[in-house]
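Structure in structure tokens, see below.
No value in this document is a laboratory result; all are computed from the given coordinates. Small disclaimer: the values here were computed from a predicted structure and weren't measured. Methodologically, a virtual Cβ is constructed for each residue, glycine included, from the backbone with ideal geometry; neighbour enumeration extends over all protein chains shown.
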Amino acid sequence: MKTKKQSYDEKYYMLNKIKKNKYDCLYHLETKLLIFQIYSKGKMNCNQCGYDNIDALSIDHIKGNGYKHRTNIGCSGQPFYHWIINNMFPNGYQILCMNCQLLKRLEGSKI
């Protein structure tokens, strides 16, 4: 059985779906940009090759233990970004483009 709050939230969402989705997208982008600025030292580009298209950049675990770490903390994607912020931008991360991420994985290197 739904609570009053759940019913209200559901109704509010249906009436404001477009507005809420736009807000959520903007919020997620701002979170991503903040993290990328910190870990790229303000450059907003790949730490390895310098590529700067934000859509192709991602956060990288420098030691290559990303899957294990995300499994241990129980989150990935946007919740992982919030974990980084809540943990005061811990060391051990960098920004890489998807090409450099893939090359790092294939070559087993420590870029």
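Only helical DSSP H runs with n ≥ 4 go in: add -39500 (n - 2.57) per run for the chain, normalise by residue count and round the 222 nm mean residue ellipticity to 500 deg cm²/dmol.
Result for the chain: -17500 deg cm²/dmol, rounded to the nearest 500.
Show which lysines lie in cross-link reach of Lys4 when reach means a straight Cα distance below 21 angstrom and same-chain residues fewer than eight apart are skipped.
Cross-link targets: Lys17, Lys20.
Among Pro90, Tyr13, Ser76, whose Cα projects farthest towards the positive end of the dipole of the chain, with charges put on the beta-carbon of Lys, Arg (+1) and Asp, Glu (-1)?
Comparing the listed Cα positions along the dipole, Tyr13 ranks first.
Also, quick follow-up: Expressed as an acute angle from 0 to 90° and rounded to the nearest 10, what is the orientation of the C-alpha long axis of helix 98-107 relative to the principal long axis of the chain?
It is inclined by approximately 50 degrees.
To make sure I understand the rule: partners must be lysines, Cα under 17 Å from the Cα of Lys22, and not fewer than 8 residues away in the same chain. Which ones qualify?
Correct list for Lys22: Lys32.
Compute the helix-to-body angle for 17-39: its Cα long axis versus the longest principal axis of the chain, expressed 0 to 90° and rounded to tens.
The angle comes out near 30 degrees.
Here's a follow-up. What is the spin-label model distance, in nm, from Ser7 to His69 if the labels are put 7 Å beyond Cα along the C-beta direction?
So the two model labels end up 4.6 nm from each other.
For every other residue with a beta carbon closer than 14 angstrom to the beta carbon of Gly77, add +1 if it is Lys or Arg and -1 if Asp or Glu, then tell me the sum.
Overall, the nearby charge balance is +1.
Report, ordered by chain and residue number, the aspartates and glutamates lying within cross-link reach of Lys43, taken as a straight Cα distance under 12 Å and ignoring same-chain residues fewer than 8 apart.
The reachable aspartates and glutamates, counting only those whose Cα sits under 12 Å from Lys43, are Asp52.
Here's another thing I want to ask about it. Per 5 Å bin from zero, what fraction in whole % of the C-alpha pairs of the range 11-89 is there, up to the bin with the longest pair?
Taking all Cα pairs of the range 11-89, the binned fractions are 3, 13, 20, 21, 18, 12, 7, 4, 2, 0 percent.
Which net charge results for the neighbourhood of Asn99, defined as the other residues with beta-carbon distances under 15 angstrom from its beta-carbon, given Lys and Arg at +1 and Asp and Glu at -1?
Once positives and negatives cancel, what remains is -2.
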